[in-house]
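Read-outs: derived from the displayed coordinates by stated rules, not from any lab. Computed from a prediction, not measured in an experiment: that's the story for all the values here. Cβ: placed from backbone, ideal geometry, glycine included. Neighbour counts: every protein chain shown.
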Amino acid sequence: MSVEDLTPREAAGKALADLGDLRSDVVVLVADTGETTRARLFAERHPERFFNVGIAEQAMAAIAAGLAAAGFMPYALTFAAFMERAYEVIRNSIARLALPVRLIGTHAGFSDTYDGPSHQALEDIAIFRVLPNFTVIAPADSCETYKAVLASAEVKGPVYLRVGRDFHIPATCGLYKMFEVGKGYVVIDGRDVAILTTGQMLGFAVEAAKILGEKGVSAAVLHFPTVKPLDLSLLSSYAKEVKGIVTVEEHMVYGGFGSAIAEALASIGPKPMAIMGVKGFGKTAKNPAELYEYFGLTPENIAARAEELVALS
Amino acid sequence: MEQLSKIACEARRRLLLMAAYDPGIHIGSSLSVLDILTVIYGSGRAKFNAHNGVSTRNYLVLSKGHAVHAIYALASVFGHLNLDELRETGSLGSRLQNHPEDDTPFTDVSNSGSLGLGIGMAVGLALGLRLRGAQGRVYLITGDGELDEGLSWESFAVAASYRLSNLIAIVDLNGAQLDGPSEEVLRKGDIAGRFKALGFYVQTIDGHDYAQAAEALERAEASGAPSVIVANTVRGKGVPELEGSIRQRIPRDEALALASRLKCQ
């Protein structure tokens, strides 16, 4: 089965198993989430390097820090929403010491549609982005998840990887061979307006650009799988040319990807912006598409906001 | 043992001197844990010249990081710190911070300061040492107040589940925490019993008796199980005016007066 056919969490699990073949220092921890995060795929191949700490996210984070201090490269996996429970442990045990712990938050955004707001992490980019030393990566699809997990092993300090459950629109599979941490990608070139995304919104942005194209608006689609550090050179090269910038994320509009872009633009040179995301907790639904519709994160809405910005100029 | 007693007394005097220069030190807590640290360093289980970083040596994790001054005091008695530097503890730019930081000398773990975190760190280190096939052990010192934290018991349960016989926890049971007597702030119950129920090898000692501490450490090391030593201690121990008091911070004049009154054999 090719990576494209896997779900994002399966891609993460497969990447860990493969990484375990390549590196003997990789260890994996879960908080009773071996099956749900698909870390099981690592456990099956490397059982001696797999640790289940029970439903104890704080212990998972602190013990991962200890393993890192003992010279290992720990990957700790649980639902992104529950990773947040260990926040202060992560701050003081991992970020403050700049230890090479990799946290993989699965079921991020709306992807755990069935379980509702308690399980839907919509603020994780914001809280990890603000921690010194952390690198934050939000892959768009399974292909990128697989490559990003492998690439994360090369990062010096701690990493937060945001991964969805099952839903994904394959959008990066042919885009590049090697994932480069900190690099943004031009998915579609354009000159009137730029649509910037991170994570699973990329597929929607591509659709939005098509809608705009049919209306004679040339829209660029820029993908920033690494939210921190941000690819400032890619951002500034487009920011200088286009009339406006739309950011789209499956996350709060506060403190997330759009905020990171706005902060950067404050130095590069401000542009009319629309920050698209959500402003409250999630909802239970039967499938993610219902939630994207409900929260207004659709290709049509993205195109409409882009058109507004072009019209303003 | 007599030698250890002299070392500890001189370390206590230096703690009082530090208190005169650094209003941020936790004197009561540092004094309660000092004898345990004296045995661990005095017996060579922990070394002052071991650097942070990857190694197969023993690790000493002071999870009650606010008592780090006890380690500074001992380091100075053992000749690893001069008095000038000791007086600078807590100053901006000094490497002797009031809680262990990443570049703090003589300490293995710098995630303490926030309670309970060192316990998880110690369990991770013990897992890592075992995975590496290393002979080193992890000596973990926690307070009793720190046992309020959920993380503490989460971590101990992991140690028990993975049968980490290279982990030796020592509870500095001084009976006091920020808001008052530990048992009044939050019920601790039968601490030894809680560890027994998890499957720890449990011993209870007088934490100021060097012989008891040394024997308990040897038995723990031979036990083949994750181990805890519940050490009954006294806040402010060794400074009669502070013994049994929950005071953590004392004014400069008092600290100097107490230091000059302290008679070491």
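Measure out, as a whole number of angstrom, how far apart the alpha-carbon centroids of the range A:287-308 and the range A:57-103 sit.
35 Å
Top mean-square fluctuation among A:GLU84, A:GLU250, A:GLU241, Gaussian network model of chain A, C-alpha springs under 10 Å?
Of the options given, A:GLU241 has the highest mean-square fluctuation.
Using the beta-carbon distance between B:SER5 and B:ASP84 and R0 = 30 Å, what value does 1/(1 + (r/R0)^6) give for FRET efficiency, to the nearest 0.05?
0.65
Return the loop-located GluC sites (Glu not before Pro) in the range A:7-53 (DSSP other than H, G, I, E, B) with at most 15 other Cβ atoms within 10 Å of their own Cβ; answer none if there are none.
In loop regions of the range A:7-53 (DSSP not H, G, I, E or B), the sparsely surrounded GluC sites (Glu not before Pro) are A:GLU35.
Mind giving me the FRET efficiency for A:ARG23 and A:VAL130? R0 is 35 Å, r the Cβ-Cβ distance, nearest 0.05 is fine.
0.75
Shielding by partners for A:91-104, please: the mean number of other protein chain Cβ atoms within 10 Å of each residue's Cβ.
3
Count the DSSP beta bridges whose two residues both fall in chain A, then state the antiparallel fraction as a percent rounded to the nearest 5.
That works out to approximately 10 percent antiparallel.
Taking chain B as a Gaussian network, where each spring joins two C-alpha atoms under 10 Å apart, which residue of B:GLN97, B:GLN212, B:GLN135 fluctuates the most?
B:GLN135
Hull surface divided by four, with the convex hull built on the Cα atoms of the protein assembly as shown: how many nm²?
27.7 nm²
Can you give the longest stretch of chain A with no exposed loop site, where a site means chymotrypsin sites (Phe, Trp or Tyr not before Pro) in a DSSP loop (not H, G, I, E or B) with at most 16 other C-beta atoms within 10 Å?
A:1-113
With a sphere of radius 14 Å drawn around the Cβ of A:LEU297, what net charge do the other residues whose Cβ falls strictly inside it have (Lys, Arg +1; Asp, Glu -1)?
Here the charged neighbours net out to -3.
Which net charge results for the neighbourhood of B:GLY207, defined as the other residues with beta-carbon distances under 10 angstrom from its beta-carbon, given Lys and Arg at +1 and Asp and Glu at -1?
Net of charged neighbours comes to -3.
For a paramagnetic label modelled at 7 Å from the Cα of A:SER267 toward its Cβ, which residues of the range A:153-189 fall within the zone defined by backbone nitrogen distances under 17 Å?
Within reach of a label on A:SER267, which here means backbone N under 17 Å from a point 7 Å along Cα→Cβ, the range A:153-189 contributes A:182-184.
For chain A, find the longest principal axis of its Cα atoms and tell me its angle to the long axis of helix A:57-69, 0 to 90°, nearest 10.
Between helix and principal axis, roughly 80 degrees.
Within a Cβ distance under 15 Å of A:THR113, other residues only, what is the Lys/Arg minus Asp/Glu net charge?
After counting each charged neighbour, the total is -2.
Could you calculate the contour length gain from B:LEU198 to B:TYR21, that is, 0.36 nm times the residue separation minus the distance between their Cα atoms, to one decimal place in nm?
Computed gain between B:LEU198 and B:TYR21 is 59.4 nm.
What's the center-to-center distance, using Cα atoms, between the range B:28-42 and the range A:1-40 in Å?
Here the two parts' Cα centres lie 44 Å apart.
Using alpha-carbon positions, what is the distance between the centroids of the range A:203-226 and the range B:99-173, in Å?
51 Å
At 222 nm, what helix-only mean residue ellipticity would chain B give, in deg cm²/dmol to the nearest 500, using -39500 (n - 2.57) for each DSSP H run of four or more?
Theoretical 222 nm ellipticity from helices: -13000 deg cm²/dmol.
Return the distance in nm (one decimal) between the two label points of a simple spin-label model at B:ARG187 and A:PHE281, each offset 7 Å from Cα along Cα→Cβ.
Reported label-point gap for B:ARG187 and A:PHE281 is 3.1 nm.
For the range A:150-157, in order, what is each residue's ³J(HN,Hα) by Karplus, 6.51 cos²θ - 1.76 cosθ + 1.60 with θ = phi - 60°, in whole Hz (x at glycine and Pro)?
4, 5, 4, 4, 8, 6, 6, x
Taking 7 Å along the Cα-to-C-beta vector as the label spot, tell me the A:MET178-B:SER161 distance in nanometres, rounded to one decimal.
It works out to 3.8 nm between the two label points.
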